[in-house]
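Data first, discussion second: the structure below is written as structure tokens.
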């Protein structure tokens with residue numbers, strides 16, 4: 001097999017490149033967006049929920065063009081890069097009265113998955129205003145949860161697709177590189193966890209982690225057509241101890257290398273983070289294809 005490029009774990013062969021070239025030649029007036037749809041249809045390249053992998057395909061075609069394997073039509077629009085030019089969040093009109101109570105006296109807590117709903121903007125605004133990392137800008141599959149105590153939001157969480165390479169996690173699961181590429185979509189990465197700063201409720205954070213762990217597989221399946229079997233997160237040991245995760249029975253697996261997800265130098269460029277994981281089923285290794 002003549003592999004000319006590997007993109008996000010997918011090997012691209014000379015035959016694949018020839019297919020894209022033929023589609024470009026057959027549709028000279030097609031935009032890059034239209035071409036990505038045609039390529040996905042030709043390859044039957046779909047997500048688990050049936051949607052075409054068009055955005056990833058456009059990135060793949062751009063990588064092939066930059067490597068000199070094909071020529072793409074000129075882009076017809078230049079949308080702003082949301083990572084570079086982020087819109088300032090609107091000020092949120094919230095009740096910031098200090099909320100101090102025991103967990104059992106807080107009243108019923110309502111947890112809602114808000115990705116692709118009218119409450120997603122509120123979730124993003126809370127994270128942007130009050131999380132030290134701001135609101136996340138992930139690509140790929142993602143969920144967001146808002147937690148309400150009566151009429152007041154008290155917490156926000158964001159989840160995304162898991163990093164492709166993570167040594168402590170991969171050794172703990174015990175899967176091969178092929179199994180990881182095939183089953184990585186069954187992992188969810190907790191990118192943000194925020195308890196609003198005026199909310200002081202002992203044990204609230206670990207309680208929420210436990211409740212969401214029982215619901216997130218169904219939430220993920222509803223939005224993307226497949227469940228998740230394993231959760232993970234990073235903790236910055238310079239700032240936090242990860243107490244709430246440990247109290248919720250998440251397992252510390254080791255430290256990252258500090259090289260980042262897009263490393264090209266094989267040298268540390270940032271401080272290592274602690275990796276914590278939480279299997280959602282006792283059979284997680286079998287579900288993830290581990291030997």
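Part of a loop (DSSP other than H, G, I, E, B) and closer than 16 Å to residue 287 by Cβ: is that true of residue 227 in this structure?
On the way: part of a loop (DSSP other than H, G, I, E, B): yes; closer than 16 Å to residue 287 by Cβ: yes.
Considered against the rule, which asks whether it is part of a loop (DSSP other than H, G, I, E, B) and closer than 16 Å to residue 287 by Cβ, residue 227 comes out as yes.
Given the conditions (1) assigned to a loop (DSSP other than H, G, I, E, B); (2) at pLDDT 90 or above; (3) within 29 Å of the chain's Cα centre (by Cα), and given that residue 112 satisfies all but one, which numbered condition is not satisfied?
Of (1) assigned to a loop (DSSP other than H, G, I, E, B); (2) at pLDDT 90 or above; (3) within 29 Å of the chain's Cα centre (by Cα), only one is false for residue 112: (1).
Do we have any residue at all in region 230-241 that's under 25 Å from residue 107 (Cβ atoms) and either touching a residue at least 60 places away in the same chain (Cβ under 8 Å) or in a helix (DSSP H, G or I) (or both)?
Initial filter on region 230-241 (under 25 Å from residue 107 (Cβ atoms)): none.
No: zero hits.
Would you point out which residue out of 170, 104 is surrounded by fewer than 21 Cβ atoms within 10 Å (Cβ to Cβ), without any contact (Cβ under 8 Å) to a residue 24 or more places away in the chain and farther than 22 Å from residue 230 by Cα? Give the derivation first.
Details: 170 fails: farther than 22 Å from residue 230 by Cα.
Going through 170, 104 in turn, just one is surrounded by fewer than 21 Cβ atoms within 10 Å (Cβ to Cβ), without any contact (Cβ under 8 Å) to a residue 24 or more places away in the chain and farther than 22 Å from residue 230 by Cα: 104.
Is region 244-251 home to any residue that is outside any helix (DSSP H, G or I), modelled with pLDDT of 95 or more and in contact with a strand residue (DSSP E or B) (Cβ under 6 Å, 6 or more places away or on another chain)?
Yes, region 244-251 contains at least one residue that is outside any helix (DSSP H, G or I), modelled with pLDDT of 95 or more and in contact with a strand residue (DSSP E or B) (Cβ under 6 Å, 6 or more places away or on another chain).
Scanning region 144-165 for residues that are closer than 12 Å to residue 187 by Cα and in contact with a strand residue (DSSP E or B) (Cβ under 9 Å, 6 or more places away or on another chain), which turns out surrounded by the fewest Cβ atoms within 10 Å (Cβ to Cβ)?
Restricting to residues being closer than 12 Å to residue 187 by Cα and in contact with a strand residue (DSSP E or B) (Cβ under 9 Å, 6 or more places away or on another chain), the top hit is 163.
Check 159, 148 and return the single one that is over 27 Å from residue 54 (Cα atoms) and at pLDDT 95 or above.
Details: 159 fails: over 27 Å from residue 54 (Cα atoms).
Going through 159, 148 in turn, the sole match is 148.
Mind listing whichever residues of region 24-37 are more than 17 Å from residue 53 (Cα to Cα) and in contact with a strand residue (DSSP E or B) (Cβ under 7 Å, 6 or more places away or on another chain)? Steps first, please.
Residues of region 24-37 that are more than 17 Å from residue 53 (Cα to Cα), as a first pass: 24-30.
Scanning region 24-37 gives no hits.
Being over 18 Å from the mean Cα position of the chain (by Cα) and farther than 19 Å from residue 9 by Cα is the filter here, so list the residues in region 43-65 that pass it.
Correct list: 50 only.
Considering only residues of region 7-23 that are in contact with a strand residue (DSSP E or B) (Cβ under 7 Å, 6 or more places away or on another chain) and more than 15 Å from residue 38 (Cβ to Cβ), which is modelled with the lowest pLDDT?
So the first thing to find is which residues in region 7-23 are in contact with a strand residue (DSSP E or B) (Cβ under 7 Å, 6 or more places away or on another chain), and the list is 11-14, 17.
Next, only the ones that are more than 15 Å from residue 38 (Cβ to Cβ) stay: 11-14.
Values: 11: 86, 12: 90, 13: 91, 14: 90.
Among them, the one singled out is 11.
Quick one: how many residues across region 268-291 are modelled with pLDDT under 95 and under 22 Å from residue 178 (Cβ atoms)?
3
The values are calculated or read from the model by the stated rules, or taken from the named source; none is laboratory data. These numbers were taken from a predicted model, which means no experiment stands behind them. As a convention, Cβ positions derive from the backbone with ideal geometry for all residues, glycine included, and neighbour counts pool all protein chains shown.
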